[in-house]
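The structure appears right after this line, and notes come after that.
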Amino acid sequence: MNVEELFQEDLRGLLPEEEDALRRIAKAAPISVLELGEEFKHEIVQSLVNARLIVRIGNKYDIYWDIFRDYLNSGLVPIQENYILSGLFAYEVRDFCQTLRYAHAYPLFDGSI
């Protein structure tokens, strides 16, 4: 499995409105909570947060991973496509991506110290 396939898996199952919102958020990211609330329905934003595709950092939302944001904006994986992930390593990468999403969704350090 390659990185693009992992990203396509992230997009599978999204409603058309969710994917549209995700791509529009990617173009503006990081985007303020207020701006996001004015432009998108709360339910759509919440579903993207629940899927850990967007993360809240302070008073802004961003795509969970810069490379995924670049992929959403360009349609291209900004790393060499000849890096093929296979076997257990593909699962490790997927777990790492999920860990990144979780870490952004539930930060231990909120920057207030």
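A few remarks follow.
- Here the simple spin-label model places points 7 Å from the Cα toward Cβ, and for Asp20 and His42 these points are separated by 2.1 nm.
- Between Thr99 and Leu76, the distance separating the two model label sites (each 7 Å from Cα on the Cα→Cβ line) works out to 3.0 nm.
Any read-out appearing in this document is the output of simple, stated calculations on the displayed coordinates, not a laboratory observation. These numbers come from a predicted model, not from an experiment. Every residue, glycine as well, gets a Cβ built from its backbone with ideal geometry; the counts of neighbours run over all protein chains shown.
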